[in-house]
Amino acid sequence: MAPDSIRRAATRSSAWLPAVLLCLAAWMTPAPAHGQVCEKAIGDCLDPHGLPGCSDLQCCETVCLLDSFCCEEWDENCVQLADLSCVGLCGTSISGSCFSANGTPGCDDRACCETICLADPFCCKNAWDGNCSLLAGFACQVPGGECGDRGTGDCFDSNGTPSCEDETCCQAVCAIDPTCCDSIWDELCVALAESACGGLCVVGTDGTETIEAEACDGKSNDPCSGGEAEPVGPDGVVAGTFSSTADVDVLELDLTPLDLDGDGLVRTRALFVASSATISFRPGGCDSPAEFEIASIGCIGVPENRCLAAGVWTLEIRSTGEVGDCEDLAWKLRLESADTCGPVCGRPESCLQPHAHPGCEDESCCNEVCVVDPVCCDWSWDSTCASHAAEICGGDPPANDLCADAIEIDEGLHDFRQLLSSSTGPASECVPAKLRGGDVWFRHLSTCDGLMKIGTCSLADFDTVVDVYRGDCESPVPVACIDDDVFCTFDTASIFFDAECGVEYLIRISGVEGSMGNGAVELQCFVPPCDACQGDLDGDGEVGGADFGLLLSAWGACSEDCPADLDGDGEVSGTDIGLMLAVWGDC
């Protein structure tokens, strides 16, 4: 076939398959003139500019092999040939989608392709791989698409567009992760689709849920069908079943008692899990319009966090798909409620320490933290919020940042803040000096002679090392130290050592490898106080007849808390009488 006839055929039909074009290009012998034209050509390969050839040498030669007329005048037909045959040229459809790893250099969106290749030339020189498509997802405008639209792609493939072709599956996934419809249907969306759209599932149980009272074939908790809504508390977990797709379960939630500040609002967090169902929150009876709904499919939990009117709410749960056996749980609802809808920034609690209420005392810092993490103003100011505050707002070091300012503690738990502390004192024998971070100090005057525990085991939210010293701050003498304990969380631990009566111990708690946070230190002695008067059972300051009577009344085996068991052998006997007589008189 002559080149002119190829051009005329191409003009009549633009539906050429790329494979056919490439085969034709391989079959034809390039004319020397084509190379000369293409080397000097200046026109855009994807614009019908009317000049000979185009500026991309490889594309120009490929197209001119298919249609020699294009090396005389680059027209619309040449542009179509370029689009179907110039692999690797930014903007050609044969190069593949910008939003998936297409296996060729470049991609089909010219502006996006050029932007990404400017940042990462590999994407145009070698191959448009996963990194290139990931960059495109962030930097380029994604082509539109609605759930169910043809051409949006398979829900079980990373299709490079928002949404997917199965409308029901698409909507279920996007209810869980809206970015799957707003941005790109990526591997995470595929994973959600495999769970949410893979067929009937059974909601899991740990045995602690309250199961609805309605029987399988009943309608006892459907007030719209003659039943009565089932009361549910503002905090807890309730679960239920469906006997058929027409079955409706209705719960009644009363938030009135929780409105302690009188603002008429109560914050409620809900987590709804279902095989295929929706729950409607109605501020009234079953006929009142729903204020909002939560849809769950594939037993994937869907959270919701809202401030609701402090009144009685009707929660209506309906099946939206296939149902299983009536004995199998079809839905589960977890509720948590708190009176935290009013202003929270400016409350009296410190921004640098976790507490149960949302917000903190420094309004400016509080507002900045809540922009980063809204939960800090919605629900509680936890350790993450305190860390955000330290990073964003800074602040003073802890009051016991220095050994000289060590806080005196006795037995029990004592909260502390290590955030924003400095590293002081001698090196620890448990971690290298370069790994030890900021520290805080405590002191304790021992009132027992024997086994003592000091530490942070599962009581701190950061990696700690605990050092115990005796002596003063100028010349502390190491007694014991510990870094981690496999039985404690967050790389915390506690020390066990033999304490001596009357000795003052210095306790230092440091962060490891830059770790900072808050926690509590626990101090416990496992032997009686050393200044106790053994045998003075009535505590009157002397060992006498009254104490002897108390000892006799406790005669025999006794529990752990048994003051009359003077020798600690678990039994009040003659040995204990001997010990009492040995200390008879004033203590």
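Quick check on the stretch 144-174: of everything there that is hydroxyl-bearing (Ser, Thr, Tyr) and over 19 Å from GLY298 (Cα atoms), which residue is surrounded by the most Cβ atoms within 10 Å (Cβ to Cβ)? It would help to see each step written out before you state the result.
From the stretch 144-174, those hydroxyl-bearing (Ser, Thr, Tyr) are 152, 158, 161, 163, 168; that's our starting set.
Filter once more, keeping what is over 19 Å from GLY298 (Cα atoms): 152, 158, 161.
Values: THR152: 24, SER158: 18, THR161: 21.
Among those residues, the one meeting the criterion is THR152.
So which helices (runs of 4 or more DSSP H) are wholly in the stretch 354-407 and hold at least 3 residues that are β-branched (Val, Ile, Thr) and either at pLDDT 95 or above or outside the structural domain of TRP441 (by TED's automatic domain parsing) (or both)?
Numbers: elements: 363-372, 375-378, 383-393.
Hits in the stretch 354-407: 363-372.
Residues are listed down the side, and each one gets a yes or a no for (1) under 55 Å from the mean Cα position of the chain (by Cα); (2) on the phi < 0 side of the Ramachandran plot; (3) part of a loop (DSSP other than H, G, I, E, B); (4) surrounded by 13 or more Cβ atoms within 10 Å (Cβ to Cβ):
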| site | (1), (2), (3), (4) |
| --- | --- |
| LEU552 | no, yes, no, no |
| ASP561 | yes, yes, yes, no |
| ALA564 | yes, yes, yes, yes |
| ASP576 | no, yes, no, yes |
| MET580 | no, yes, no, yes |
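Looking only at the stretch 408-425, filter to residues that are at pLDDT 95 or above, within 18 Å of VAL512 (Cα to Cα) and not hydroxyl-bearing (Ser, Thr, Tyr); which one of those is surrounded by the fewest Cβ atoms within 10 Å (Cβ to Cβ)?
Across the stretch 408-425, the extreme among qualifying residues is LEU420.
Can you list residue pairs whose Cβ atoms sit under 6 Å apart, with the first residue in the stretch 93-104 being hydrophobic (A, V, I, L, M, F, W, C) and the second being modelled with pLDDT of 85 or more? Count only pairs 6 or more apart in sequence or on different chains.
ILE94/LEU84; ILE94/VAL87; CYS98/CYS107; CYS98/ASP109; CYS98/CYS112; ALA101/ASP129
Surrounded by 16 or more Cβ atoms within 10 Å (Cβ to Cβ), assigned by TED's automatic domain parsing to the domain that holds GLY285 and closer than 17 Å to SER276 by Cα: is that true of SER220 in this structure?
On the way: surrounded by 16 or more Cβ atoms within 10 Å (Cβ to Cβ): yes; assigned by TED's automatic domain parsing to the domain that holds GLY285: yes; closer than 17 Å to SER276 by Cα: no.
So SER220 does not fit the description; no.
Starting from the stretch 348-361, take each residue that is touching a residue at least 60 places away in the same chain (Cβ under 8 Å) and list its partners that are in a loop (DSSP other than H, G, I, E, B) and among the charged types (D, E, K, R), counting only C-beta distances under 6 angstrom and pairs at least six apart or across chains.
Cβ pairs passing all conditions: PRO354/ASP382.
Report, by residue number, each residue of the stretch 180-217 that is buried (at least 17 other Cβ atoms within 10 Å of the Cβ) and over 15 Å from VAL238 (Cα atoms). Give the steps one after another, and end with the answer.
First, the residues of the stretch 180-217 that are buried (at least 17 other Cβ atoms within 10 Å of the Cβ): 180-181, 184-186, 189-190, 192-193, 196-197, 201, 203, 209, 212, 214.
Once the filter is applied, which keeps residues that are buried (at least 17 other Cβ atoms within 10 Å of the Cβ) and over 15 Å from VAL238 (Cα atoms), the stretch 180-217 yields CYS180, CYS181, ILE184, TRP185, ASP186, CYS189, VAL190, LEU192, ALA193, ALA196, CYS197, CYS201.
Which residues, counting only those in the stretch 259-279, are buried (at least 19 other Cβ atoms within 10 Å of the Cβ) and of a type outside the set (D, E, K, R)? Steps first, please.
In the first step, residues of the stretch 259-279 are kept if they are buried (at least 19 other Cβ atoms within 10 Å of the Cβ); the result is 265-268, 270, 272-279.
Listed by number, the residues that qualify are LEU265, VAL266, THR268, ALA270, PHE272, VAL273, ALA274, SER275, SER276, ALA277, THR278, ILE279.
I want to confirm something. Restricting to the stretch 231-245 and keeping residues that are over 15 Å from PRO257 (Cβ atoms) and not aliphatic (A, V, I, L, M), which single residue is nearest to the chain's Cα centre (by Cα)?
Keep residues of the stretch 231-245 that are over 15 Å from PRO257 (Cβ atoms), which gives 237-245.
Next cut, not aliphatic (A, V, I, L, M) only: 240-245.
Working: GLY240: 28, THR241: 30, PHE242: 32, SER243: 35, SER244: 36, THR245: 34 Å.
Going through the qualifying residues, I end up with GLY240.
Test ALA557 against the stated conditions and say whether it is aliphatic (A, V, I, L, M) and out of contact with any Gly (no Cβ under 7 Å at 6 or more places or on another chain).
Values: aliphatic (A, V, I, L, M): yes; out of contact with any Gly (no Cβ under 7 Å at 6 or more places or on another chain): no.
When the stated conditions are applied, ALA557 does not pass them.
Name the single residue that is nearest to ASP467 (Cα to Cα) among those in the stretch 503-536 being in contact with a Gly (Cβ under 9 Å, 6 or more places away or on another chain) and free of Cβ contacts under 8 Å to residues at least 60 places away in the same chain.
CYS533
Just need a number here: residues in the stretch 517-547 that are out of contact with any Asp or Glu (no Cβ under 7 Å at 6 or more places or on another chain) and surrounded by 20 or more Cβ atoms within 10 Å (Cβ to Cβ).
1
Would you be able to say whether some residue in the stretch 225-233 is within 30 Å of PRO343 (Cα to Cα) and surrounded by 17 or more Cβ atoms within 10 Å (Cβ to Cβ)?
yes
Of (1) within 19 Å of LYS453 (Cα to Cα); (2) assigned by TED's automatic domain parsing to the domain that holds SER428, CYS530 satisfies all except one. Which?
It fails just one condition, (2).
Collect the residues in the stretch 89-131 that are under 25 Å from VAL63 (Cβ atoms), part of a helix (DSSP H, G or I) and of a type in the set (A, V, I, L, M, F, W, C), keeping them in residue-number order.
Those that are under 25 Å from VAL63 (Cβ atoms), part of a helix (DSSP H, G or I) and of a type in the set (A, V, I, L, M, F, W, C): ILE94, ALA111, CYS112, CYS113, ILE116, CYS117, CYS123, CYS124.
Please state which of the following conditions THR115 fails to meet, knowing it meets all the rest: (1) modelled with pLDDT of 90 or more; (2) more than 26 Å from ASP182 (Cβ to Cβ).
(2)
Restricting to the stretch 45-71, what's the tally of residues that are crowded, with 17+ Cβ neighbours inside 10 Å, charged (D, E, K, R) and either in contact (Cβ under 8 Å) with a residue 40 or more places away in the chain or not in a helix (DSSP H, G or I) (or both)?
Adding up the residues that qualify gives 2.
Among the residues of the stretch 415-434, how many are under 27 Å from CYS351 (Cα atoms) and assigned to a loop (DSSP other than H, G, I, E, B)?
Step one: filter the stretch 415-434 for residues under 27 Å from CYS351 (Cα atoms), giving 415-424.
Going one step further and asking which of them are assigned to a loop (DSSP other than H, G, I, E, B), we end up with 418-424.
Looking only at that region, the number is 7.
Are there any helices (runs of 4 or more DSSP H) wholly within the stretch 140-244 with 2 or more residues that are touching a residue at least 40 places away in the same chain (Cβ under 8 Å), and if so which?
Numbers: elements: 167-176, 179-182, 187-196.
Counting at least 2 such residues, we get 167-176, 187-196.
Are any of the residues in the stretch 523-530 part of a helix (DSSP H, G or I) and more than 30 Å from HIS388 (Cα to Cα)?
To start, the set of residues in the stretch 523-530 that are part of a helix (DSSP H, G or I) comprises none.
Looking through the stretch 523-530, none of the residues is part of a helix (DSSP H, G or I) and more than 30 Å from HIS388 (Cα to Cα).
Does GLU504 meet the test of being on the phi > 0 side of the Ramachandran plot, modelled with pLDDT of 90 or more and exposed (fewer than 15 other Cβ atoms within 10 Å of the Cβ)? Even if it seems obvious, please write down each step before you answer.
Numbers: on the phi > 0 side of the Ramachandran plot: no; modelled with pLDDT of 90 or more: yes; exposed (fewer than 15 other Cβ atoms within 10 Å of the Cβ): yes.
It is false that GLU504 is on the phi > 0 side of the Ramachandran plot, modelled with pLDDT of 90 or more and exposed (fewer than 15 other Cβ atoms within 10 Å of the Cβ).
Quick one: GLY342 ticks every box in (1) modelled with pLDDT under 90; (2) over 30 Å from HIS357 (Cβ atoms) bar one, so which box is it?
Here GLY342 meets the rest and fails (2).
In the stretch 72-88, how many residues are out of contact with any Phe, Trp or Tyr (no Cβ under 7 Å at 6 or more places or on another chain), surrounded by fewer than 24 Cβ atoms within 10 Å (Cβ to Cβ) and either within 26 Å of CYS113 (Cα to Cα) or modelled with pLDDT of 95 or more (or both)? Talk me through it step by step, then tell me what you get.
Initially, the stretch 72-88 is screened for residues out of contact with any Phe, Trp or Tyr (no Cβ under 7 Å at 6 or more places or on another chain), giving 72-83, 85-88.
Restricting the remaining residues to those that are surrounded by fewer than 24 Cβ atoms within 10 Å (Cβ to Cβ) gives 72-73, 75-77, 79-80, 83, 85, 87-88.
With the extra rule that they be either within 26 Å of CYS113 (Cα to Cα) or modelled with pLDDT of 95 or more (or both), the set shrinks to 75-77, 79-80, 83, 85, 87-88.
Of the residues in that region, 9 qualify.
Just one of VAL237, VAL266 is hydrophobic (A, V, I, L, M, F, W, C) and under 15 Å from ALA338 (Cβ atoms); which is it?
Numbers: VAL237 fails: under 15 Å from ALA338 (Cβ atoms).
Criteria check complete, one pass: VAL266.
Conditions (1) in contact with a strand residue (DSSP E or B) (Cβ under 6 Å, 6 or more places away or on another chain); (2) more than 17 Å from SER95 (Cα to Cα); (3) modelled with pLDDT under 50; (4) of a type in the set (Gly, Ala, Ser), marked per residue:
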residue: ARG8; (1), (2), (3), (4): no, yes, yes, no
residue: SER14; (1), (2), (3), (4): no, yes, yes, yes
residue: TRP27; (1), (2), (3), (4): no, yes, yes, no
residue: ALA41; (1), (2), (3), (4): no, yes, no, yes
residue: GLY53; (1), (2), (3), (4): no, yes, no, yes
residue: VAL63; (1), (2), (3), (4): no, no, no, no
residue: SER68; (1), (2), (3), (4): no, yes, no, yes
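The values are calculated or read from the model by the stated rules, or taken from the named source; none is laboratory data. Everything numeric here is computed off the predicted structure, so don't read it as measured data. Please note: Cβ atoms are built from the backbone with ideal geometry, for glycine as well, and neighbour counts cover all protein chains shown.
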